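*Asks:* This is the structure I have questions about; it appears just below.
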Amino acid sequence: MEKSCTLLIHFDKGTPAIANEIKEALEGNDVPAKIDAMKKAIMLLLNGETLPQLFITIVRYVLPSEDHTVQKLLLLYLEIIEKTDTKGRVLPEMILICQNLRNNLQHPNEYIRGVTLRFLCRLNETEIIEPLIPSVLQNLEDRHPFIRRNAILAVMSIYKLPQGEQLLVDAPEMIEKVLLSEQDASAKRNAFLMLFTCAQDRAVSYLLTHVDRVSEWGELLQMVVLELIRKVCRTNRAEKGKYIKIIISLLNAPSTAVIYECAGTLVSLSSAPTAIRAAANTYCQLLLSQSDNNVKLIVLDRLNELKSSHRDIMVDLIMDVLRALSSPNLDIRRKTLDIVLELITPLNINEVVLMLKKEVMKTQSGELEKNGEYRQMLIQAIHSCAIKFPEVASTVVHLLMDFLGDSNVASAIDVVVFVREIIETNPKLRVSIITRLLDTFYQIRAARVCSCALWIIGEYCLSLSEVESGIATIKQCLGELPFYSVSEEGEATDASKKTPQANSITVSSRRPAVLADGTYATQSAASETAFSAPTVVQGSLVSGNIRSLLLTGDFFLGAVVACTLTKLVLRLQEVQPSKVEVNKATTQALLIFVSMLQLGQSPVLPHPIDNDSNDRIVLCIRLLCDTGDGIRTIWLQSCRQSFVKMLSEKQLRETEELKAKAQVSHAQPDDLIDFYHLKSRKGMSQLELEDEVQDDLKRATGEFVNDNDDANKLNRILQLTGFSDPVYAEAYVSVHHYDIVLDITVINRTKETLQNLCLELATMGDLKLVERPQNYTLAPESSKQIKANIKVSSTETGVIFGNIVYETSNVLERTVVVLNDIHIDIMDYISPAVCTDAAFRTMWAEFEWENKVAVNTVIQDEKEFLNHIIKSTNMKCLTPVSALDDECGFLAANLYAKSVFGEDALVNLSVEKQADGKLSGYIRIRSKTQGIALSLGDKITLKQKGGG
Amino acid sequence: MVVLAASILSKSGKVLVSRQFVEMTRIRIEGLLAAFPKLLGTGKQHTYFETENVRYVYQPIEALYLVLVTNKQSNILEDLETLRLLSKLVPEYSVSLDEEGIGKTAFELIFAFDEVICLGHKENVTVAQVKQYCEMESHEEKLHKLVLQSKINETKDVMKRKASEIEKSKIDKNRGDKGGFMSMGSGRIETSLSEISIPSSGSGFGSGSGFGGLINEVDSFPTKSKGRQPSSATAPPKGSGMQLGKSQKTNQFLESLKAEGELIVEDAKPKAGQAKAATALLTDPITLTAEEKLNVTLKRDGGMSNFDVQGTLSLQILNQEDGLIQVQIETGGNPGILFKTHPNMNKELFSNENILGLKDPNRPFPTGPAGDAAGVGLLKWRMQSADESMVPLSINCWPSVSGNETYVSIEYEASAMFDLQNVVISIPLPALREAPSIRQIDGEWRFDSRNSILEWSIVLIDNSNRSGSMEFVVPPADSSVFFPISVRFTATSTYSDLKVVNIIPLRGGAPPKFSQRTNLVTENYQVM
């Protein structure tokens, strides 16, 4: 068992204190110097020095000191020194401190007594404790509550020791007596805690005899009572009837901590709807009454748990949960919305949407900082509501369309995407949406929103009047033609004076970006608007929003306008009986296209039209001049079809995810079945329940190590020396969260005794050896298990190398056997994770370290290569499978993983199949820290060959 | 509901101070704390985050983070409360809230943290309380020190006086008229005195020979308490020594020695028998001593289970020539008393004329102080009674438990028959570390912590104080602990009221000078 560590203090190595100086100061009479020296000694000890010679000095000169601080420091010192030898026996000199401890326990100063008692709580050596027991017991009756408190705890920890029951046979009775007469709240709590841990039945009987007064007890005691109830009920479920009443009475306690605990206890005790409802209600109350964000978030977590286990009950409370939206904190709002969205039923959908709508309205009035983001969240929430329950779409879509002109681009985009989806899935709403969209189109300010809205207009204006008004709206927004004339030059230069600044920012921030589909692009209008300051029309809208956007040089929008007009005109040709009108519209459209091209070549703009947009507009011109049926169907129908396909795919994906989730919670064929009527609860089985709490603590302290099966263990054995070496060593490396444990077996292969055998380890990278190695003596042909702990502080590949050094009796020199290097794999620290597309891109833009690895592989198939990389890097592919489906000769995908330290690792893979069948391209790794980028790069370089 | 650790980290993630409240390995806590800065998000409006196993609740304080590491099921409301308290404490102890400042006050912070969290559980304390706990200003300790100091001072005074007395006695001794015994005694005195004269050295009374030395030494100064002349140094050391042992001053002296860490075999409880020794000096040629020993057992709730008086009359003659005498006595006529003469006595003479003479009138009484110090027994008598009114001193003890203390009130009531001297009432107590607190007392008290006996002494009980009481408080104890109470006293009158009227010399001539002593002592006087 490894030694526990009770305190850490940062130690500045710059000022090393020498043991001799400390010793001198300790021997002196100067109290401040003594204190100082004690502190230094403790720090040195914490730093790994052993200072064995200091012990006697301390016994001689520090023990008798009357200064309180010295005494307290002495206790700290005693706390951290090694009190046992290697075999676990108490060192004989420790008996020297017993007398001092005993005196301290009888010291006239009550605080000295108190801290000494507290120190005893941390002491594990029975040999030292035994003579002190009478003094400890005496303190149980002290008149200071401070002493009694600590004395009770000391009794508890003594009783909990392996032989504690023999040392203090009647401790439970004693404490029970104390508990009966005790007045101090803390001491009472401690006494109850002692009974709870050491003699549960006594605690229960005490509780049951005082049932009526539980609600009057102090907060601290009530907490322990609840803990006790949980524990008792876990082991003996039949008992729970007795306790429910207590819990219910405590639900009205004045302390919120108790209330919170009550709710938790209630949930763990019972799955009866009333109990769950009471708990959920309590949580909701806390959610509203507590102003602290932390509390709110954790309470929301609890509600979330309740939601997954008792959805039917939580559904009724949906409105209460929604009230948490009143908090200004975005995290809270997001969590609330997440919970609420999963609780929506046909019954409450209207109420919820109404509430959400109200919230949306509120964001319009108040000018709070985060309003935009919040609105976006609400819109997304409404969006998902509308998808689940299409009937509500009609009530919200119009409201939301007011936000198309929102200055917050993200929320406007959400709205327009929402509208786009609704108009497809809800044919009934098409007419009203189109009318509304045409009405509000002029308000749209952002280029991306604009292009999306234009697409909707182009696709869904079906009737003659709609098509006509669509064309009219676009024309209106484009303003008078031409866009640019010589007479306007003066004006335009004024305008251009402003624009270059804006553009210079755009240009400078332009760097390689990853598109949504995973393509790695160096320049893209679309991506630029996504990351850099979005293009938004400034100032008045008099001259039309599209026009202003075009004048800033957004030719991608120009191309979209051209496409939309082309579609509208093509449709007009179908619905307009009068050829004259059609031709008129066609010519007007052509005029617009030409003007845009002209604008693109004019010198007023900071940069000329890009080739893509140019080509597209030219294509539109050609199309209008000469239309064929094939092209017509492509333009008028295929677009819509692929959109429909995209939607259905999205839905498919969602349902698949749901299915996958459902799959997980399905019972195994050989699972125990809990019969509701027989067992009164469902879900976790008995065994799982029992250890839940205990494990939580154990896991937290790191005591709990989930041992994998041994077969797996054997796969990870590393041979460290050769079979013919005099010392054979092999290591089993187990990687826990923040530490690596090397389990090294050393075998003496010779017929001689090896003396002072020492395993010297050194590390490279962000690894740190925790303790110094010890020397061993190894008999002929015997073996020894040595454990070494190594601390890891960041995700990085590390190397551990070392020697085994030993002496034999006939050779005077030390012999050295060099060990194989142990490579610590970064893969042990990263695990696949998911993040949203947007988050991925933001991180990609932010992160400073990039490692670019050229693809060099024997694998011929792009898909296979991607899978190989995913497998060897332990990452998650964010790009949907559907996007990778077809054989097109190239592939781009984003991979993501998170390390145990919370670091993100991003990988973008772009490969192309060459004419000769080989793959070429790059893998780019980005991370916040250099370590990950480098280590992951190395890993990929190493593994990418694959195949062969 | 457990706080695993409370730590202070710098913004850069350096662990400045960390105090763990449950057992965990160093690698574990360092790992947890090393992960903290990496997990710390920016721009969040809440101050906690959870990993797979633990929850961190933190609070930024200027350039530092105050972090609580808890398990995930921990009660967040309670933890926040704890965190708030700790965050108030940190600036109290650390003047500058930066790395350096925390480094300087690391230990003070650890002490303060300890007061707030106990074995991972929150304590119900305030900032002021924590400060008070950490300052450790104890009224009790001051008091203790004060008492100690005054005892030391007092002892020093005693020492000086004794030293001067010894000087005197040395001069006396040098006059050379004392026996070898005395010189041996005073030799001892010298050695022990030279030792006590440096009390701070703390080695005054080695427990090996210390006891003997001590007794001799005390024996030599009966004057101290009784105001007698220094000449008393010639008295046999066995004399009144124990009386003095009981005196307050010596006790204090011993107490203070003990307080200085000296192991003293303190056996201050004298046996009743020793008290019988005569107090006066045998200077007269003929001494007649009438002594009655009292064996009384009283019941604690009133009543008497045993009452027995045994008396002797003894004669001591210094010179051979005074041996041929007869003693005429007079008894009080108490019918309950049966007299028995020595077999060598002339019984007829006694029963007819109350004269004690040997059967053979030509034989002299044995003489010399060399013999039995008490002299020759002439007459014995015995009295038994069931009459409670005969009890010279009744004790009433009322222990009562109240709260977590026991109040004991004791009262005595003395019958008007005797004036009692040197009354000592010894009450056994439960094992105590310090003296019980005496609320009220008539007379003086001392506490013998070794045997845990409280001794209540009254120098004289006469008509002015026929009854008295004492009250003291001890930690809760069963009432049976306080029994049996034993009592010692002496008195100068007896039950038999026997008096020597005359000494009749058989050879004629003037009756020789004689002295007469009457003495009542307790042999075994107990309240069961």
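The values are calculated or read from the model by the stated rules, or taken from the named source; none is laboratory data. Quantities reported herein were computed from a predicted structural model and do not represent experimental measurements. We place every Cβ from the backbone using ideal geometry, glycine too, and count neighbours over all the protein chains shown.
*Asks:* Search the range B:50-75 for residues that are facing chain A (nearest Cβ under 8 Å) and pair each with any residue that is assigned to a loop (DSSP other than H, G, I, E, B) when their beta-carbon atoms are under 6 Å apart and the residues are at least 6 apart or on different chains.
*Replies:* B:71/B:2; B:75/B:1
*Asks:* Could you please find all residues in the range B:299-334 being of a type outside the set (D, E, K, R), under 40 Å from the mean Cα position of the chain (by Cα) and outside any loop (DSSP other than H, G, I, E, B)?
*Replies:* B:304, B:305, B:306, B:307, B:309, B:310, B:311, B:312, B:313, B:314, B:315, B:316
*Asks:* Okay, next question. Within the bounds of the range B:98-110, is there any residue that is touching a His at 6+ places or on another chain (Cβ under 7 Å) and farther than 23 Å from residue A:297 by Cβ?
*Replies:* yes
*Asks:* A further question follows. How many residues does the range B:315-356 hold that are of a type in the set (A, V, I, L, M) and touching a Gly at 6+ places or on another chain (Cβ under 9 Å)?
*Replies:* Total satisfying the criteria: 8.
*Asks:* Continuing with the same structure: Touching a residue at least 40 places away in the same chain (Cβ under 8 Å), more than 10 Å from chain B (Cβ to nearest Cβ) and either more than 13 Å from residue A:114 (Cβ to Cβ) or surrounded by 22 or more Cβ atoms within 10 Å (Cβ to Cβ) (or both): which single residue out of A:161, A:180, A:167 fits that description?
*Replies:* A:167
*Asks:* For the range A:221-303, please list each of the helices (runs of 4 or more DSSP H) lying entirely inside it that holds at least 3 residues being within 29 Å of the chain's Cα centre (by Cα) and within 14 Å of another protein chain (Cβ to nearest Cβ).
*Replies:* Those helices (runs of 4 or more DSSP H) span A:256-269, A:273-289.
*Asks:* Residues of the range B:419-464 being of a type in the set (Val, Ile, Thr) and within 10 Å of the chain's Cα centre (by Cα), which ones?
*Replies:* The answer is B:453, and nothing else.
*Asks:* Could you look through the range B:8-49, keep only residues that are among the aromatic types (Phe, Trp, Tyr) and surrounded by 21 or more Cβ atoms within 10 Å (Cβ to Cβ), and pick out the one that is nearest to the other protein chains (Cβ to nearest Cβ)?
*Replies:* B:48
*Asks:* While we're on this one: Of everything in the range A:823-851 that's at pLDDT 80 or above, within 15 Å of the chain's Cα centre (by Cα) and assigned to a loop (DSSP other than H, G, I, E, B), which residue is surrounded by the most Cβ atoms within 10 Å (Cβ to Cβ)?
*Replies:* Within the range A:823-851, the match that is surrounded by the most Cβ atoms within 10 Å (Cβ to Cβ) is A:835.
*Asks:* Quickly run through the range B:408-440 and pick out the residues that are more than 24 Å from residue B:391 (Cβ to Cβ), among the small types (Gly, Ala, Ser) and assigned to a loop (DSSP other than H, G, I, E, B).
*Replies:* Across the range B:408-440, the qualifying residues are B:431, B:435.
*Asks:* Same structure again: For residue A:879, all conditions in the list (1) touching a Leu at 6+ places or on another chain (Cβ under 9 Å); (2) in a loop (DSSP other than H, G, I, E, B); (3) under 27 Å from residue A:716 (Cα atoms) hold save one; what is the number of the exception?
*Replies:* With (1) touching a Leu at 6+ places or on another chain (Cβ under 9 Å); (2) in a loop (DSSP other than H, G, I, E, B); (3) under 27 Å from residue A:716 (Cα atoms) applied to residue A:879, the lone miss is (3).
*Asks:* Exactly one condition in (1) within 13 Å of chain B (Cβ to nearest Cβ); (2) among the aliphatic types (A, V, I, L, M); (3) crowded, with 17+ Cβ neighbours inside 10 Å; (4) under 22 Å from residue A:249 (Cβ atoms) is false for residue A:207; which is it?
*Replies:* (1)
*Asks:* Do we have residue A:610 as in the same structural domain as residue A:573 (by the TED database) and without any contact (Cβ under 8 Å) to a residue 12 or more places away in the chain here?
*Replies:* no
*Asks:* OK, next. Quickly run through the range B:15-53 and pick out the residues that are within 57 Å of the chain's Cα centre (by Cα) and part of a strand (DSSP E or B).
*Replies:* B:15, B:16, B:17, B:18, B:19, B:20, B:25
*Asks:* Which of the helices (runs of 4 or more DSSP H) found entirely inside the range A:1-114 contain at least 1 residues meeting this: more than 12 Å from every other protein chain (Cβ to nearest Cβ), farther than 30 Å from residue A:144 by Cα and charged (D, E, K, R)?
*Replies:* Counting at least 1 such residues, we get A:19-27.
*Asks:* Check residue A:649 against each of (1) charged (D, E, K, R); (2) in contact with a helix residue (DSSP H, G or I) (Cβ under 8 Å, 6 or more places away or on another chain); (3) in the same structural domain as residue A:467 (by the TED database) and name the one condition it does not meet.
*Replies:* So the condition that residue A:649 fails would be (3).
*Asks:* Examine the range A:148-156 for a residue that is modelled with pLDDT of 85 or more, under 44 Å from the mean Cα position of the chain (by Cα) and among the charged types (D, E, K, R), and state whether such a residue exists.
*Replies:* yes
*Asks:* Among the residues that make up the range B:385-394, is at least one of them surrounded by 15 or more Cβ atoms within 10 Å (Cβ to Cβ), assigned to a helix (DSSP H, G or I) and modelled with pLDDT under 85?
*Replies:* The answer is yes, given that some residue of the range B:385-394 is surrounded by 15 or more Cβ atoms within 10 Å (Cβ to Cβ), assigned to a helix (DSSP H, G or I) and modelled with pLDDT under 85.
*Asks:* Of the residues that sit in the range A:746-778 and are touching a strand residue (DSSP E or B) at 6+ places or on another chain (Cβ under 7 Å) and not in a strand (DSSP E or B), which one is nearest to residue A:721 (Cα to Cα)?
*Replies:* Out of the qualifying residues, it is A:749.
*Asks:* Filter the range A:787-822 down to the residues that are surrounded by fewer than 15 Cβ atoms within 10 Å (Cβ to Cβ) and away from every other protein chain (no Cβ under 14 Å) and list them by number.
*Replies:* A:799, A:809, A:810, A:811, A:812, A:813, A:814, A:816, A:818, A:821
*Asks:* Let me ask something else about it. State all residues of the range B:397-411 that are surrounded by 15 or more Cβ atoms within 10 Å (Cβ to Cβ) and free of Cβ contacts under 8 Å to residues at least 60 places away in the same chain; if no residue qualifies, say none.
*Replies:* Hit for the range B:397-411 is B:411, nothing else.
*Asks:* Within the group A:893, A:905, which residue is surrounded by 15 or more Cβ atoms within 10 Å (Cβ to Cβ), touching a residue at least 12 places away in the same chain (Cβ under 8 Å) and away from chain B (no Cβ under 14 Å)?
*Replies:* When all the criteria are applied, what remains is A:893.
*Asks:* Only one residue in A:259, A:247, A:318, A:332 is in contact with a helix residue (DSSP H, G or I) (Cβ under 7 Å, 6 or more places away or on another chain), at pLDDT below 85 and crowded, with 17+ Cβ neighbours inside 10 Å, so which one is that?
*Replies:* Within the list A:259, A:247, A:318, A:332, the selection yields A:247.
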